[in-house]
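The values are calculated or read from the model by the stated rules, or taken from the named source; none is laboratory data. Since this is a predicted model, take the numbers as computed values, not measurements. In this analysis, Cβ positions are derived from the backbone assuming ideal geometry, glycine residues included, and neighbour counts consider all displayed protein chains.
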Amino acid sequence: MSKRANALADRLEQGASALAAFASALTDAEWQVRVPKDGRRIGVVVHHVATMYPLEIRLAQVLAAGNPVEGVTSEDVDELNAEHARRHDAVTKEAALDLLQRNSAAAAAAIRALSDEELDRAAPLSLNADAPLTSQFMLEDHAVRHSYHHLARIRAALKGREESQARDHAA
């Protein structure tokens, strides 16, 4: 097993675990809070992270095989995210956390299966203006980073909500 692949998988698992631990402690009301500038409920965002792991891993595997990722644009990602939010607006905490656990474990296993040569292989990535990017970059920028990115936004949303409620209470 590649030490680099194992380290990437460990970081993905740590991020998913941190998101799961934080989300599992949320109240029902907090689960429904909408993330500012995003608009999705916190629960939907947690489910979104879980849902995206298979796609993010598949794209990294395409690059790892030396093939270009074609036809994937930021507009496609925005549309996919909007459709996901519509379909899963009422997702339960149990369902989202179960999917997060299952898909993050599968993603970590897929990452661990990659060799250093595959991690280093680069091909054009349409999502990034057809820049020739490595599989490792794709993993770090998407699957590994995803849970950390959304956890920070969720924490900020809840902190902002608490501060707003404190101001309203003091007034």
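Among residues belonging to the stretch 11-42 that are among the charged types (D, E, K, R) and surrounded by 14 or more Cβ atoms within 10 Å (Cβ to Cβ), point out the one that is farthest from residue 137 (Cα to Cα).
So, considering only residues that are among the charged types (D, E, K, R) and surrounded by 14 or more Cβ atoms within 10 Å (Cβ to Cβ), the one farthest from residue 137 (Cα to Cα) is 30.
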### Summary
Expected output for the stretch 83-112 (first residue surrounded by 14 or more Cβ atoms within 10 Å (Cβ to Cβ), partner at pLDDT 95 or above and not in a helix (DSSP H, G or I), Cβ below 7 Å, 6+ apart or cross-chain) is 85/40
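Residue-by-condition table, conditions (1) among the hydroxyl-bearing types (Ser, Thr, Tyr); (2) free of Cβ contacts under 8 Å to residues at least 24 places away in the same chain; (3) assigned to a helix (DSSP H, G or I):
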position: 13; (1), (2), (3): no, no, yes
position: 18; (1), (2), (3): no, no, yes
position: 21; (1), (2), (3): no, yes, yes
position: 48; (1), (2), (3): no, no, yes
position: 53; (1), (2), (3): yes, no, yes
position: 58; (1), (2), (3): no, yes, yes
## Note on the structure
Those residues of the stretch 91-150 which are among the basic types (Lys, Arg) and under 13 Å from residue 65 (Cα atoms) amount to 121
### Message
If I filter the stretch 14-21 for residues that are modelled with pLDDT of 95 or more, of a type in the set (Ser, Thr, Tyr) and over 28 Å from residue 159 (Cβ atoms), do I get at least one hit?
### Response
no
### Leading residue by the ranking (farthest from residue 53 (Cα to Cα)) among those in the stretch 65-75 that are more than 16 Å from the chain's Cα centre (by Cα) and outside any loop (DSSP other than H, G, I, E, B)
75
#### Entry: Test: residue 64 is farther than 28 Å from residue 32 by Cβ, crowded, with 18+ Cβ neighbours inside 10 Å, among the aliphatic types (A, V, I, L, M) and at pLDDT 95 or above
yes
